[in-house]
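Student: Handing you a structure now.
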Amino acid sequence: MATAIFYASSTGNTEEVVDKIAQKLEISELFNISNNQEDINKISEYDKLILATSTWGDGDLQDDWDEIWDEFKQIDFSNKTVALVALGDQDGYDDTFVNSLGTMYEQVIKQGANVIGFTSTDGYDFEESTALKDDQFVGLVIDEDNQDDLTDERIENWTNQIKNQII
């Protein structure tokens, strides 16, 4: 079965990152839940998923993810391979950096997902994050506010890492 990317984007940064990931992995199934929250129901149709969110406030999920969170928590992720992506601001929110990624990870694990694509914290400067497991981020972390010059390289490395498991 095909791989799909589900994301929400308030400012357009997450959408731009997702577009780059989709190009690298040649994924054509993209669902922007910001435009149609009913798309969340399509998650069940895919065995391999990339879920992307930005982080808002003090580590919160992006608003559109937050609005459908109750429905999301009902999805069975058993037998699904999931890769996670989050955007955050390590300078402005160094004590809650990409906590939205941690929130999403904890939920899909609870629901039976096989999560892939953990990444190193090397090159980031933050105090705390709930998105850490065994000293690694539980997915791809992008900081477009402070390190946009590293985005393409981080996407390249991550997509190479997960390619064989996700497509």
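The values are calculated or read from the model by the stated rules, or taken from the named source; none is laboratory data. Quick caveat, the model's predicted, so the values are computed rather than measured. Reconstructed Cβ throughout: ideal geometry from the backbone, glycine too, with neighbour counts over all protein chains shown. When the accessible area is computed, the model is the full protein with side chains, heavy atoms only, and any ligands, DNA or RNA have been set aside. Shrake-Rupley method; radii C 1.70, N 1.55, O 1.52, S 1.80 Å.
Student: I need the full set of residues from the range 14-51 which are among the charged types (D, E, K, R) and either open to solvent by 60 Å² or more (accessible area, probe 1.4 Å) or closer than 16 Å to Thr81 by Cα (or both), in order please. Lay out the reasoning, then the answer.
Tutor: Our first condition is that a residue be among the charged types (D, E, K, R); within the range 14-51, this holds for 15-16, 19-20, 24, 26, 29, 38-39, 42, 45, 47-48.
Within the range 14-51, Glu15, Glu16, Asp19, Lys20, Lys24, Glu26, Glu29, Glu38, Lys42, Glu45, Asp47, Lys48 qualify.
The rows are residues; the columns are (1) more than 19 Å from Ile40 (Cβ to Cβ); (2) out of contact with any helix residue (DSSP H, G or I) (no Cβ under 7 Å at 6 or more places or on another chain); (3) at pLDDT 95 or above.
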| site | (1), (2), (3) |
| --- | --- |
| Gly102 | yes, yes, yes |
| Glu106 | no, yes, yes |
| Asp125 | yes, yes, yes |
| Gly139 | no, no, yes |
| Glu144 | yes, no, yes |
| Asn157 | yes, yes, yes |
| Gln161 | yes, yes, yes |
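Student: From the set of residues in the range 124-167 that are part of a helix (DSSP H, G or I) and of a type in the set (Lys, Arg), which is surrounded by the fewest Cβ atoms within 10 Å (Cβ to Cβ)?
Tutor: Residues of the range 124-167 that are part of a helix (DSSP H, G or I), as a first pass: 148-166.
Adding the requirement that they be of a type in the set (Lys, Arg) leaves 154, 163.
Values: Arg154: 19, Lys163: 12.
Step by step, filter the range 124-167, then rank; the result is Lys163.
Student: Something else now. If we keep just the residues of the range 135-167 that are without any contact (Cβ under 8 Å) to a residue 24 or more places away in the chain and of a type in the set (D, E, K, R), which is nearest to Gly102 (Cα to Cα)?
Tutor: Of everything passing the filter in the range 135-167, Asp135 is nearest to Gly102 (Cα to Cα).
Student: A further question on this structure: Pick from Asp91, Asp58, Asp76, Asp39: which is assigned to a loop (DSSP other than H, G, I, E, B), more than 18 Å from Leu140 (Cβ to Cβ) and touching a Phe, Trp or Tyr at 6+ places or on another chain (Cβ under 8 Å)? Reasoning before the result, please.
Tutor: Details: Asp91 fails: touching a Phe, Trp or Tyr at 6+ places or on another chain (Cβ under 8 Å); Asp76 fails: touching a Phe, Trp or Tyr at 6+ places or on another chain (Cβ under 8 Å); Asp39 fails: assigned to a loop (DSSP other than H, G, I, E, B).
Sole residue among the options that is assigned to a loop (DSSP other than H, G, I, E, B), more than 18 Å from Leu140 (Cβ to Cβ) and touching a Phe, Trp or Tyr at 6+ places or on another chain (Cβ under 8 Å): Asp58.
Student: For a quick check of your reading of the model, give me the residue pairs whose first member lies in the range 25-38 and is over 13 Å from Ala52 (Cβ atoms), whose second is among the aromatic types (Phe, Trp, Tyr) and in a loop (DSSP other than H, G, I, E, B), with beta-carbon atoms closer than 9 Å and at least 6 apart or on different chains.
Tutor: Close Cβ pairs satisfying both conditions: Glu29/Tyr46.
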